[in-house]
Ligand SMILES: Nc1ncnc2c1ncn2[C@@H]1O[C@H](COP(=O)(O)OP(=O)(O)O)[C@@H](O)[C@H]1O
Ligand SMILES: [Mg+2]
């Protein structure tokens, strides 16, 4: 079973290429589901048929569905949101404000992906192709499971009583601890759901992301940022699909139209060359600009054949060992003495082009590059150390931040 996610900016052709990929897979004998999580209903238009929230068979072995994330709000998140709202209202927060405070931006996109996971786990399809929301920002939300499970772990059971008392007071219900327990259970259920989703998306042998873009001038820098963000979250991008690539007109063609075409084609070539540079590990595949809109299963299949040729449209699983986000080594001392020194090596692909941000919050390290942030738990020995410096090593996909640590005299090997 494979999961292939298509993402990119609005209008670049995500829906078209996701549908084309699924159509080609189904045509070559595998059962393929293409599912859209984008609130803009256009997957049905691309396939030339009506779609619903449950998969319908569009052609032999080709299934399509359109997830309505709004309807998913009654699940684990809805329950948790309800509890939080009650708590806030109990603390005297106005009902409307409480409603607003419990809206988690992007949670609907995340819930739509939970639904994708349900389809993927159903065993009914060889490949699930996902037409994602307009940007890869959605995928940034995947820090959420990590962060949430961290909170739950930390709050319980160690500080259970203290927190429970505090919240019960806040809620003005000094004798009702049952409400808080239910909130905690709901939080746990939500965190578990997200952790399952994170596991599916981070599974490089099953899942990959294809970034769709149109080769225009501003695209290269943005693509680089997106690739960096996805790499920081250890999500695998297996292709950059440059869509709507214009053919250069034959040299014999003259006139303003030919000049326009020639200029556009040259501009696209320049952007493609730039993309080839940045996507060192990610191949760039070009998709031609077709004269007619590629809609309907047959036209989509034909477009897909011109993209994939004789390679597998589902991509191939990545079995190569993944370089861990962080690696720790001892550089001095023998690990017990006070003169011990450690280095923590944090992989930050593309780090040299974006503002770096590093912060220590308790036992966690917050690693930020540009607009992306990730919270990672520090190896236990480093929790008793303090950071004394940091330097950047390597470049491009090999860029790393090396942070040096020495024992914190207050907590080091004290008994
Ligand atoms: N390679 C292509 N050649 C011609 N038209 C295309 C191509 N790719 C997409 N389109 C058209 O562009 C429009 C936007 O594509 P769509 O797949 O809906 O984008 P997105 O899902 O990214 O918003 C649609 O009308 C689609 O038919
Ligand atoms: Mg779309």
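The values are calculated or read from the model by the stated rules, or taken from the named source; none is laboratory data. Here the structure is a predicted model, which means the values were calculated and not measured. Here the Cβ is made from the backbone with ideal geometry for all residues, glycine too, and neighbour counts use every protein chain on show.
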Residue pairs within 6 Å by beta carbon, gap of at least six or interchain, first lying in segment 340-369 and farther than 18 Å from residue 235 by Cβ, second assigned to a loop (DSSP other than H, G, I, E, B), listed first then second, are 340/333; 352/395; 352/399; 363/378; 365/378
Of 48, 64, 27, the only residue that is farther than 30 Å from residue 186 by Cβ, touching a helix residue (DSSP H, G or I) at 6+ places or on another chain (Cβ under 6 Å), within 15 Å of ligand 1 (Cβ to nearest atom) and at pLDDT 80 or above is 64
When (1) assigned to a helix (DSSP H, G or I); (2) at pLDDT 85 or above are applied to residue 294, the one that fails is (1)
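Do you know which residues across segment 15-60 are assigned to a loop (DSSP other than H, G, I, E, B) and crowded, with 19+ Cβ neighbours inside 10 Å? So that I can check it myself, show each step before the final result.
Narrowing segment 15-60 to residues assigned to a loop (DSSP other than H, G, I, E, B): 28-31, 37-42, 48-55, 60.
If the condition is that a residue be assigned to a loop (DSSP other than H, G, I, E, B) and crowded, with 19+ Cβ neighbours inside 10 Å, then 37, 38, 51, 55 are the ones that fit.
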Condition set touching a residue at least 60 places away in the same chain (Cβ under 8 Å) and not in a loop (DSSP other than H, G, I, E, B), scope segment 87-107, selection surrounded by the fewest Cβ atoms within 10 Å (Cβ to Cβ): answer is 90
Only one of 295, 286 is within 25 Å of residue 248 (Cβ to Cβ) and within 11 Å of ligand 1 (Cβ to nearest atom), namely 286
